[in-house]
């Protein structure tokens, strides 16, 4: 019994508490925003189908997934990395063919009436697949081979997600690839070559994968004289809300009386947050995301094996890219893409998938004994 307590206590001591606290705080802020959004849309706070009730349920599931994953052995996930990867490819294909439309996108499969986005899970499983392939064999092999193999891993899910069309999530997969390659030690010249190839393929990507409404959003971002009743309207409302929030915001009661922002539960949740609680709350969220990303990079840097390096680096890139794009589009410095703010935007698939990924990093730390 004493030995069991010693082992469990030692494993608990190896948990990255800073990362866990940052994740928990972001999830709590997400619940607070769900409360505000429920009131703004005049829904019952505790009611079947309300934003807050669903968020509460998804958060509870996310906590369970995080804890179970953190204290399970990550080697099981690596063992089944490829079956999971190909199963997700199948789900992405089924979603593309049979998925429910959501704002023009075939992005969700209905499971007992609940829309499930397989593209969110693809972010994590692709990082696991990248970590698996880069940690196999002789790590002295050429960077050219690493680039080729990892690009082949990312390309199928990238295409399937982009065709839904969900170019925002597809770009998150690309960010995971670059983050994994950079921190795994692949020579910068090979990453630069891959970046050049991606840039050269942009015209083809624009024609084949970018839908009309996405093109309108990008062109509206580039052209300040775009139709103010179109995509620019969302940006104007967002900037107005951020400016109106001031230092400490208008509070819970003020938010209940204010007109809801366009898609304020997901795309423009940061603007709704600043309007409610001011610049201080916005800075807090940015700080928490920064802390989480820093801890993921720290784990990658100090990992005793390549799998942990790529896992931490890939997830750091996913969280950072999503946060930068979401906050950037709220501030008008990035085009509107529909990418959620990690743990703060409403969305069960995003929350649970990220919880699984971050729990897997904790599991690697617990069972591999990463350096503090």
Gain upon complete extension [residue 61, residue 333; 0.36 nm per residue less C-alpha separation]: 94.5 nm
Residue 215 paired with residue 199, simple spin-label distance in nm, labels 7 Å along Cα-to-beta-carbon: 2.4
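For residue 283 and residue 233, what does the FRET efficiency come to when R0 = 35 Å and r is the distance between their Cβ atoms, rounded to the nearest 0.05? Write down the numbers at each step before the final one.
Numbers: r = 27 Å, r/R0 = 0.76.
The pair residue 283/residue 233 has a calculated efficiency of 0.85.
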So what is the relative contact order for the range 14-368, in percent, with contacts set as C-alpha pairs under 8 Å and at least six apart? 29
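Could you calculate the FRET efficiency of residue 75 with residue 149 from 1/(1 + (r/R0)^6), where r is the beta carbon distance between them and R0 is 22 Å, rounded to 0.05?
On the way: r = 21 Å, r/R0 = 0.96.
With R0 = 22 Å, the Cβ-Cβ based efficiency is 0.55.
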Between the modelled labels at residue 86 and residue 31 (7 Å from Cα along Cα→Cβ) the distance in nm is 4.1
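Bear in mind these aren't lab numbers, they're just calculated from the coordinates by the rules spelled out. Given the structure is predicted, the values throughout are model-derived calculations rather than measurements. Neighbour counts run over all protein chains shown; Cβ positions are idealised from the backbone, glycine included.
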